[in-house]
Number of protein chains: 2
Amino acid sequence: MFNRVAIIGLGLIGGSLGLALRQARAARQVAGFDLYKGIGDRARKLGAIDQSCASLAEAARGSELIILATPVGAMRLLLQQLATSASPGAVVTDVASTKAQVISWAEEYLPATIPFVGGHPIAGKETSGIEAADATLFKQCVYCLTPTKRTPPAALERVAALIDALGARMRFLEPPEHDGMVAGVSHLPFIASIALMQTAALNPAWDDASILAGSGFRDMTRLAAGSPEMYRDICLTNSETITRWLTDYIAVLSTLRERIAAHDVNLGEVFAQAQKARNAWQVVQEKAKNGDQK
Amino acid sequence: MFNRVAIIGLGLIGGSLGLALRQARAARQVAGFDLYKGIGDRARKLGAIDQSCASLAEAARGSELIILATPVGAMRLLLQQLATSASPGAVVTDVASTKAQVISWAEEYLPATIPFVGGHPIAGKETSGIEAADATLFKQCVYCLTPTKRTPPAALERVAALIDALGARMRFLEPPEHDGMVAGVSHLPFIASIALMQTAALNPAWDDASILAGSGFRDMTRLAAGSPEMYRDICLTNSETITRWLTDYIAVLSTLRERIAAHDVNLGEVFAQAQKARNAWQVVQEKAKNGDQK
């Protein structure tokens, strides 16, 4: 059990972490800080934190675990400030979906007395903000940790205890490996979604066509409703691998376009392959979840 | 009220039509025919049809409304056969998501005594087949009709009565106009989904990366699990407009790729525009549904 945990950034993820920790009685006190005034009070009323702090320093003071749950771009400054405001021995972790950049900032700014463990829970929702927070968001989700050779085992253990309290499934990855894979299965999807929304909205027929858009369009553009700041920061901190995945995606689309333009009757086989891959993925996902529940 | 309605093709859409018609008591008898043996009996047991027929001719005989709910590619042959097996005065309609090609077949094969009305309910689900059929699938959905100058008003009225019984919202469109818009909001999304699934599955890291794929990936690849035959037929019968939309989509993606590769800090504005467009679309959709419920 933690004595005091600080959550910095009280959006969907930060708020859900607080709710989950408090409901699991995994921390005696959960302190929270958010840059936007009023969010902290809202989080306290919703039961996500015990104490709403007016500054990063106030939240960090005396906390043995400090969780950064802001867009990744804000983490650079937060890590600089934590170098002096965190108590020695405190473990700092984050939840950003790009890891290499955050880790390089942490290793640049934090002293050895304040160890950092990069983390990334694979969890999300179509809605953002504290109002969308959900204590069960991390249940059975994959929670990546990306320790480096500088990460002390004791710090890793502290974050493993957090993951345990959340009911998530821990997975260790090298930071560049993590960023490369997540670029494909998480960042590419949101860019594909945004591009689809943009393609539709820029079309002269959009006003009329929008009425014909059904559940397929709804699902395929859901991610486009996500936080622009979060997406921008992800693109800026994982630019190289995202660009590579986008090149692959555009190549696949271009081949499909050629085959559709040529009235290729074998298109059904390509579609059947994709269907098979999708079904296989779903089976693996379900097995992984059920396996862990035993 | 209809005396007898025939549904040809008892998948998700055909089955749901039957369930909805029977639950609304809009037809004294619903006859059904499916090419795959056993599906008709299953549909009868599920309450989607009253009578499972062994042939198209048996289903069509005496039916005043014949609904084609097969993949669009199969409709050519069905229309040829209906020219002789449908009773004079029967109205034929379809539910395919491409209209120009089907209408040209109908006008080629059906005599003037058997009028055709092109239709397209904007409704779907992630699952297909009779087991996924749902009586409420069409409630409040947009149901497009694409009459031509050859469509008799009485035939149109018959299909309007069907749409009324389903609780759907009727909308008239010119066939090419329909096909152009649906290519953008329905066909492009499923191709984007299939291409995303393929891009991920073809990557050497897919086995490991697939474990990191969460709800965003799940939603963005949901359409890839749909029927390959249906998708193929849609591409073959709407090739030109789909190709055009794909060109636009690839151009938007290529611009995003360039900006991401260049670490463009203004990316957030592009993402905010997409977010705004998505939210505006959702508001319009909800208004349309609520407006009709009054």
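Of all accessible surface on chain A at a 1.4 Å probe, what whole percent is carbon and sulfur?
Numbers: 6170 of 12070 Å².
Carbon and sulfur: 51 percent of the exposed surface of chain A.
On the full set of protein chains, 1.4 Å probe, figure out the accessible area of B:ARG76 and give it in Å² to the nearest 10.
Counting only protein heavy atoms, B:ARG76 exposes about 110 Å² to solvent.
Mind checking which lysines have their Cα closer than 30 Å to the Cα of A:LYS276? Skip sequence neighbours fewer than 8 apart in that chain.
Straight-line reach from A:LYS276, under 30 Å: A:LYS125, A:LYS139, A:LYS287, A:LYS289, A:LYS294, B:LYS37, B:LYS45, B:LYS99, B:LYS125.
Send over a whole-number figure in Å² for the accessible area per residue of chain B, probe 1.4 Å. Show your work: numbers first, answer last.
Working: 12070 Å² over 294 residues.
Each residue of chain B exposes 41 Å² on average to a 1.4 Å probe.
Quick one: which residues, 5+ away or cross-chain, put their amide H under 5 Å from the amide H of B:LEU65? H built at 1.01 Å from N.
Residues meeting the criterion, in which the H sits 1.01 Å from N, are B:ARG4, B:ALA6, B:VAL91.
Just want the answer: with Cβ charges of +1 for Lys and Arg and -1 for Asp and Glu, which residue in B:CYS53, A:TYR231, A:GLY73 is farthest toward the dipole's positive end in the protein assembly as shown?
B:CYS53
Please check segment B:170-192 for residues whose accessible area, probe 1.4 Å, is lower by 30 Å² or more when all protein chains are in place than in their chain alone.
Correct list: B:ARG171, B:MET181, B:VAL185, B:PRO189, B:ILE191.
Would you please calculate the Kirkwood hydrodynamic radius of chain B over all C-alpha pairs and express it in Å, rounded to one decimal?
Values: mean 1/r = 0.0486 Å⁻¹.
Here the Kirkwood hydrodynamic radius works out to 20.6 Å.
Near the amide H of B:ILE122, under 5 Å away, which other amide H atoms are found, from residues 5 or more places off or on another chain, if H is placed in the peptide plane?
Correct list: B:VAL142, B:TYR143, B:CYS144.
Pick from A:GLU64, A:GLU157, A:GLU269 the residue whose mean-square fluctuation is largest in a GNM of chain A, springs joining Cα atoms under 10 Å.
A:GLU269
If we restrict to alpha carbons, what Rg and Dmax does the protein assembly as shown come to, in Å?
Rg then Dmax for the protein assembly as shown, in Å: 27.1, 88.
Can you pull out the trypsin sites (Lys or Arg not before Pro) in segment B:1-67 whose DSSP state is coil and whose Cβ has at most 13 other Cβ atoms within 10 Å? Mind dumping the intermediate values first?
Numbers: sites: B:ARG4, B:ARG22, B:ARG25, B:ARG28, B:LYS37, B:ARG42, B:ARG44, B:LYS45, B:ARG61; in loops: B:ARG25, B:LYS37, B:ARG61.
When the trypsin sites (Lys or Arg not before Pro) of segment B:1-67 are filtered for loop state and at most 13 Cβ neighbours within 10 Å, B:ARG25, B:LYS37 remain.
Positive end of the dipole of chain A, charges at C-beta (+1 Lys, Arg; -1 Asp, Glu), about the Cα centre: which of A:LEU253, A:ALA183, A:ASN203 has its Cα farthest in that direction?
With unit charges placed on the Cβ atoms, the residue in question is A:ALA183.
Enter the Cα centre distance for the pair segment A:101-132 and segment A:220-252, rounded to the nearest angstrom.
After rounding, the separation between the Cα centres reads 19 Å.
For segment B:164-253, take N as its residue count and report Rg(C-alpha) divided by 2.2 N^0.38 Å. Before the final figure, lay out each step's value.
Working: Rg = 16.0 Å, N = 90, 2.2 N^0.38 = 12.2 Å.
In units of the 2.2 N^0.38 Å rule of thumb, it is 1.31.
Rounded to the nearest Å, what's the spacing between the alpha carbon centres of segment B:1-77 and segment B:190-213? Just the number, please.
Spelled out, the Cα-based centre of one part sits 37 Å from the other.
Run the simple label-point estimate for A:LYS149 and B:LEU46 please: 7 Å along Cα→C-beta, distance reported in nm.
Label-label distance for A:LYS149 and B:LEU46, simple model: 6.0 nm.
Is any helix in chain A, taking whole DSSP H runs, at least 18 angstrom long along its axis by alpha carbon and on average at least 1.0 on the Kyte-Doolittle scale, and which ones?
On the way: long enough: A:153-166 (20 Å, 1.14); A:188-202 (21 Å, 1.71); A:239-261 (32 Å, 0.09); A:267-293 (40 Å, -0.91).
Once both thresholds are applied, what remains is A:153-166, A:188-202.
Excluding ligands, DNA and RNA, what is the accessible area buried between chains B and A, summed over both sides, using a 1.4 Å probe, to the nearest 100 Å²?
Numbers: alone 16030 and 16040 Å², together 24140 Å².
Looking at B and A, the buried total is near 7900 Å².
Using a label point 7 Å beyond Cα on the Cα-Cβ vector, give me the inter-copy distances for B:ALA112 in nanometres, one decimal, shortest first.
Taking the point 7 Å beyond Cα along Cα→Cβ, the inter-copy spacings are 9.6 nm.
Given R₀ = 25 Å, what would the calculated FRET efficiency be for B:ALA57 paired with B:THR136, taking r from the Cβ atoms and rounding to 0.05?
Numbers: r = 32 Å, r/R0 = 1.27.
The computed FRET efficiency comes out at 0.20.
Taking only Cα atoms and a 10 Å spring cutoff, compute GNM fluctuations for chain B and point out the largest among B:ALA209, B:ALA24, B:ALA83.
Greatest mean-square fluctuation among the candidates belongs to B:ALA209.
So what are the three principal axis dimensions of segment A:47-187 from its Cα atoms, in whole Å, longest to shortest?
So the three principal-axis extents are 36, 36, 27 Å.
Only loop residues by DSSP count here, and only those with at most 16 other Cβ atoms within 10 Å; note down the chymotrypsin sites (Phe, Trp or Tyr not before Pro) in segment A:1-104 that meet that.
A:TYR36
For segment B:92-149, which trypsin sites (Lys or Arg not before Pro) are both in a DSSP coil and crowded by at most 13 other Cβ atoms within 10 Å?
Working: sites: B:LYS99, B:LYS125, B:LYS139, B:LYS149; in loops: B:LYS99, B:LYS125, B:LYS139, B:LYS149.
Taking segment B:92-149 and a limit of 13 other Cβ atoms within 10 Å, the loop trypsin sites (Lys or Arg not before Pro) found are B:LYS149.
The values are calculated or read from the model by the stated rules, or taken from the named source; none is laboratory data. Fair warning: this is a prediction, and the values are worked out from it, not measured in the lab. We place every Cβ from the backbone using ideal geometry, glycine too, and count neighbours over all the protein chains shown. Side chains included, ligands, DNA and RNA excluded: accessible areas come from the protein's heavy atoms. Shrake-Rupley method; radii C 1.70, N 1.55, O 1.52, S 1.80 Å.
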